[in-house]
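Colleague: Questions regarding the structure given below will be posed in turn.
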Amino acid sequence: MLAASCVLLGAYVVQFAGGELPCPLCLLQRLAMLGVGAGAMMNVLFGVRPRYYGVSLVSAIFGGVVAGRQVLLHAAPGDAGFGTPLFGLHLYTWSFIAFVDVGVILSVMLFLDTQFTAPTEASDRLPLGRFALGVLLVFFAVAAANVATTVLLCGLGPCPGNPVRYLWLS
Amino acid sequence: MMAAPFLAFAVSIALALGGRARSSLLVLGLALGLSSLAFLFHLSDPLIIGL
């Protein structure tokens, strides 16, 4: 969850400090990363269960598919790609690598089945320490911020394929 | 339109923070479904490898 929040905050750094507005596929990858974090959030709040790992795994697969599509869209020789590369790779390539890594890690985690005790009552929220609560609140704030920035960027209709301005601010 | 799945995720997180595990999971499923729909909507160009 903390890693997902860091990735999403990093995306905001690129968006606001770098001035690079996210394309629709970029937004979909952010959604996938939110899904990965949401599965982890459920594990923290309600106890570790395979279904919560499943939420993260499905999100990672979705994110990998979207990132893979964006890689393939710019795979032709001479294509400059979308956005500024980071350490030689575009963000969607790093995103693809990240989602594949998340998928592998989650698969390994699912092997460790001693972590799955008898399921508690679904509504029993586990007690949270201050650090866990802080991470949860950051995760929620990042999700809420993405609602606001996406509305500012795209309005209530489809997002432009190559965004150059915030539709609701211009 | 693209904001809808983000809103669903935010609502899901809020529900989870409120202790509503089943509701949160349902809304999470909705968020993932909306994300998939948005992806299908944006599949307007053929893949570069011609699939």
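A short reminder: the numbers here are calculations on the coordinates, not readings from a lab. On a predicted model such as this, the values are computed, not experimentally measured, just so you know. Here the Cβ is made from the backbone with ideal geometry for all residues, glycine too, and neighbour counts use every protein chain on show.
Colleague: Report Rg (one decimal) and Dmax (nearest whole number) for the protein assembly as shown, counting Cα atoms only, units Å.
Modeller: 17.5, 56
Colleague: Would you look at the GNM of chain A, springs on alpha carbons closer than 10 Å, and say which of A:LEU28, A:LEU156, A:LEU136 moves the most?
Modeller: A:LEU156
Colleague: Shifting gears a bit: Amide H of A:LEU86: which non-local residues (sequence gap of 5 or more, or other chain) have their own amide H closer than 5 Å, using H built in the peptide plane?
Modeller: So A:LEU86 has HN proximity to A:LEU91.
Colleague: Using only helices, what value at 222 nm comes out for chain A when you add -39,500 (n - 2.57) per DSSP H run of length 4 or more and divide by the total residues, to the nearest 500 deg cm²/dmol?
Modeller: Working: 5 runs with 104 residues, N = 170.
Roughly -21000 deg cm²/dmol at 222 nm, from the helical runs in chain A.
Colleague: Let's test the formula: R0 of 35 Å, r as the Cβ-Cβ distance of A:THR114 and A:ALA145. What FRET efficiency results, to the nearest 0.05? Show your work: numbers first, answer last.
Modeller: On the way: r = 37 Å, r/R0 = 1.07.
That gives a FRET efficiency of 0.40.
Colleague: Give me the dipole magnitude in Debye, nearest 20, for chain A about the Cα centre, with unit charges on the beta carbon: positive for Lys and Arg, negative for Asp and Glu.
Modeller: Values: 7 positive and 6 negative charges, 42 e Å.
The dipole magnitude comes to about 200 debye.
Colleague: Defining a contact as two alpha carbons under 8 Å apart and six or more residues distant in sequence, what relative contact order in percent does segment A:1-144 show? List each step's numbers first, then the result.
Modeller: Numbers: 142 pairs, mean separation 44.4, N = 144.
The value is 31 percent.
Colleague: In addition: Say R0 is 22 Å: what FRET efficiency, to the nearest 0.05, do A:ILE97 and A:LEU128 get from their beta-carbon distance? Before the final figure, lay out the partial values.
Modeller: Numbers: r = 31 Å, r/R0 = 1.43.
So the FRET efficiency works out to roughly 0.10.
Colleague: To continue, here is another question. In what order do A:TRP94, A:TRP168 fall by count of nearby beta-carbon atoms within 10 Å, going from fewest to most?
Modeller: Numbers: A:TRP94 17, A:TRP168 12.
If I rank by nearby Cβ atoms, fewest first, I get A:TRP168, A:TRP94.
Colleague: Take the alpha carbon gyration tensor of segment A:48-170, find the square roots of its eigenvalues, order them as a ≥ b ≥ c, and report rounded if a/c is under 1.5; if not, report prolate when a/b exceeds b/c, else oblate.
Modeller: Numbers: a/c = 2.66, a/b = 1.49, b/c = 1.79.
Oblate shape, in that a/c is at least 1.5 and b/c is the bigger or equal ratio.
Colleague: What is the spin-label model distance, in nm, from A:PHE87 to A:TYR166 if the labels are put 7 Å beyond Cα along the C-beta direction?
Modeller: With each label placed 7 Å out from Cα toward Cβ, I get 3.0 nm.
Colleague: Between Rg and the Kirkwood Rh of segment A:14-79, both from Cα atoms, what is the Rg to Rh ratio? Can you show the working numbers first?
Modeller: Values: Rg = 15.0 Å, Rh = 13.3 Å.
Reported Rg/Rh (Cα atoms, Kirkwood Rh): 1.13.
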